[in-house]
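To keep things clear, I will list the structure first and then write my remarks on it.
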Amino acid sequence: MKIGIDKIGFYTPAFYVDMVELAEARNIDPNKFTIGIGQDKMAFAPITQDSVTMGANAARQILDEADLKAIDMVILATESGIDESKAGAVYIHRLLGIQPFSRAIEIKEACYGATAGINLAKDYVAKNPESKVLVIGSDIARYGLSTAGEATQGAGAVAMVVSANPRCIALQDDNVFYTEDIMDFWRPVYSEYACVEGKYSTEQYIHFFDTIWTRYTEKFNQKLEDFAAICFHLPYTKMGKKALDLIIETAPPAVQEKLLENYRLSTLYSRNIGNIYTGSLYLSFISLLDHQSNLQENDKIGFFSYGSGAVGEFFHGVLQPGFKKYLQTQTHEELLNNRSKLAITEYETKFKQQLPKDGSTLEINPSSDPAEIMLTGIQDHRRQYVRK
Ligand code: COA
């Protein structure tokens with residue numbers, strides 16, 4: 001039985017920061033951000049969007065009535081959780097109107113969480129072929145104003161329906177995964193911001209990719225030229241390129257050209273959104289699908305997932321017949337084209353806004369955010385979510 005991603009879509013908030021303007025405000029050469037790091041725009045999540053609302057906004061675009069009846073597990077992967085106890089997936093389950101005989105859980109392992117969610121979903125569908133699982137990766141990447149990580153912030157969510165007989169991509173069982181206890185990026189429970197050893201995290205990403213790829217090719221007797229494209233976790237778009245460059249010369253020149261072009265296509269959304277942590281690898285897959293013209297059914301797509309701390313994984317999927325019919329390309333383009341640019345001073349002011357933590361009430365005007373699902377405030381420590 002084939003199992004894989006049946007539907008996939010993303011959401012990103014309605015605001016962004018221009019990276020050239022950010023560089024100028026920080027007295028940095030803009031080429032460092034646009035070329036050196038490879039980012040043009042950075043999505044900004046207003047106070048009305050969190051990992052729950054972004055995840056629900058991503059999912060609502062891909063689900064139909066049949067999905068709402070068939071889904072019996074909701075997995076939210078996030079490292080921007082809103083509660084130490086209650087899973088954000090429970091709110092999402094309600095906001096979407098999914099039938100009640102469902103499981104709803106939250107998974108965490110930095111940017112790797114959504115990959116863990118997909119694997120859990122795959123195993124579940126193997127035992128329950130009629131079931132569908134909603135897997136969401138949703139995060140806000142925040143490093144702080146005027147920090148080295150600031151240029152690699154972002155916000156957004158990817159939602160995927162994992163099912164039998166998937167219409168988009170059938171996932172194979174050749175996963176190679178690897179864990180090492182390292183401190184490259186973490187966020188203590190008392191901190192609003194991540195602690196990050198930026199250069200070290202970049203080195204570790206490469207080390208994990210090298211180690212996993214070597215094992216993968218040996219164990220499964222695969223070569224780079226077997227793949228039509230490889231999608232990477234993209235904390236910034238230059239990162240995946242550094243990993244691809246490590247192995248690109250093992251393929252014949254014509255294949256190299258195709259892989260590099262498909263890599264470029266896979267980075268177009270991230271270049272304009274920034275890092276969305278858990279959803280980032282899957283955003284690169286959506287970007288590839290929405291912009292490709294050279295991909296065909298049965299093409300093999302490789303996926304490299306990396307979550308700091310750290311866990312990495314490589315696996316592949318096979319594009320399914322007719323996959324192009326089910327893409328949400330127009331929705332995605334509209335979402336990006338309808339965003340408003342924030343002046344740097346506006347971004348800095350909004351960045352400092354926080355929900356009260358003392359139980360006091362905050363009410364936010366629903367018209368301040370065009371999103372269908374948003375946070376309208378907090379009362380008695382309870383976040384108030386609405387679907388307009
Ligand atoms: N024109 C073009 N390129 C320029 C440039 C200019 N004027 N100035 C610098 N660059 C290049 C650098 O050469 C470097 O490229 P390289 O990595 O290919 O050598 C790149 O821009 C970044 O410069 P660097 O000095 O390394 O940036 P930084 O110290 O500000 O940190 C990160 C960059 C990514 C480490 C930092 O943003 C960060 O910590 N981000 C969060 C952690 C993260 O995303 N980790 C990834 C793994 S999960």
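E65 meets all of the listed conditions (1) of a type in the set (D, E); (2) more than 16 Å from the ligand (Cβ to nearest atom); (3) touching a residue at least 12 places away in the same chain (Cβ under 8 Å) but one, namely (3).
From the list Y269, Y263, Y306, the lone residue that is within 25 Å of A59 (Cα to Cα) and within 16 Å of the ligand (Cβ to nearest atom) is Y306. Listed conditions (1) assigned to a loop (DSSP other than H, G, I, E, B); (2) under 17 Å from the mean Cα position of the chain (by Cα); (3) hydroxyl-bearing (S, T, Y) are all met by Y269, apart from (1).
Tell me the residue from F10, F44, F33 that is crowded, with 17+ Cβ neighbours inside 10 Å, within 12 Å of the ligand (Cβ to nearest atom) and closer than 19 Å to A155 by Cβ, please. Lay out the reasoning, then the answer.
Details: F10 fails: within 12 Å of the ligand (Cβ to nearest atom); F44 fails: within 12 Å of the ligand (Cβ to nearest atom).
Matching residue, one of F10, F44, F33: F33.
Scanning segment 326-349 for residues that are closer than 18 Å to S266 by Cα and not in a helix (DSSP H, G or I) yields L327, Q328. The set of residues in segment 126-139 that are in contact (Cβ under 8 Å) with a residue 40 or more places away in the chain and either surrounded by fewer than 24 Cβ atoms within 10 Å (Cβ to Cβ) or of a type in the set (S, T, Y) (or both) comprises A126, N128, P129, E130, S131, S138.
Would you confirm, using the coordinates I've provided, whether S131 is farther than 30 Å from P46 by Cβ and either within 16 Å of the ligand (Cβ to nearest atom) or among the polar types (S, T, N, Q) (or both)? When the stated conditions are applied, S131 passes them.
If the condition is being loosely packed, with under 15 Cβ neighbours inside 10 Å, over 25 Å from the mean Cα position of the chain (by Cα) and in contact (Cβ under 8 Å) with a residue 12 or more places away in the chain, then segment 369-388 contributes Q379, D380, H381. I212 meets all of the listed conditions (1) at pLDDT below 95; (2) away from the ligand (no atom under 13 Å from the Cβ); (3) of a type in the set (A, V, I, L, M) but one, namely (1).
Among the candidates L281, L289, L260, L295, the residue that is part of a helix (DSSP H, G or I) and either at pLDDT below 95 or surrounded by fewer than 21 Cβ atoms within 10 Å (Cβ to Cβ) (or both) is uniquely L260.
Each row is one residue, and each column tells you yes or no for (1) more than 27 Å from I37 (Cβ to Cβ); (2) within 16 Å of the ligand (Cβ to nearest atom); (3) in a strand (DSSP E or B); (4) modelled with pLDDT under 95.
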site	(1), (2), (3), (4)
P100	yes, no, no, no
A114	no, yes, no, no
I118	yes, no, no, no
K122	yes, no, no, no
V135	yes, no, yes, no
A151	no, yes, no, no
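Candidates are the residues of segment 13-22 that are part of a helix (DSSP H, G or I) and either surrounded by fewer than 19 Cβ atoms within 10 Å (Cβ to Cβ) or not hydrophobic (A, V, I, L, M, F, W, C) (or both); the one that is nearest to the ligand (Cβ to nearest atom) is V20. Applying the set (1) away from the ligand (no atom under 16 Å from the Cβ); (2) at pLDDT below 95; (3) touching a Phe, Trp or Tyr at 6+ places or on another chain (Cβ under 8 Å) to L171 leaves exactly one unmet item: (2). No other residue among K241, K219 is more than 9 Å from the ligand (Cβ to nearest atom) and either surrounded by fewer than 14 Cβ atoms within 10 Å (Cβ to Cβ) or in contact (Cβ under 8 Å) with a residue 12 or more places away in the chain (or both) apart from K219.
Across segment 82-98, what is the number of residues that are crowded, with 20+ Cβ neighbours inside 10 Å, part of a loop (DSSP other than H, G, I, E, B) and either free of Cβ contacts under 8 Å to residues at least 24 places away in the same chain or within 19 Å of the chain's Cα centre (by Cα) (or both)? Going through segment 82-98 one residue at a time, the tally reaches 1. Among the criteria (1) in a helix (DSSP H, G or I); (2) in contact with a strand residue (DSSP E or B) (Cβ under 7 Å, 6 or more places away or on another chain); (3) within 16 Å of the ligand (Cβ to nearest atom), the one A126 does not fulfil is (3).
Selection of first residues in segment 26-41 that are under 19 Å from K341 (Cβ atoms) and of second residues that are more than 9 Å from the ligand (Cβ to nearest atom) and basic (K, R), restricted to Cβ pairs under 8 Å at least 6 apart or on distinct chains, gives the following pairs, ordered by first then second residue: Q39/R271; D40/R271; K41/R271. Only residues that are within 30 Å of R94 (Cα to Cα) and assigned to a helix (DSSP H, G or I) were counted across segment 23-57, and they come to 7. The C-beta contact set for segment 191-212 (first residue touching a residue at least 60 places away in the same chain (Cβ under 8 Å) and farther than 15 Å from T152 by Cβ, second residue more than 8 Å from the ligand (Cβ to nearest atom) and in a helix (DSSP H, G or I), distance under 8 angstrom, 6+ apart or interchain) comprises F209/A243; F209/L246.
The values are calculated or read from the model by the stated rules, or taken from the named source; none is laboratory data. Only a predicted model underlies this, so the values are computations on that prediction, with no experimental measurement involved. Note that each Cβ is placed from the backbone with ideal geometry, even for glycine, and that neighbours are counted across all protein chains shown.
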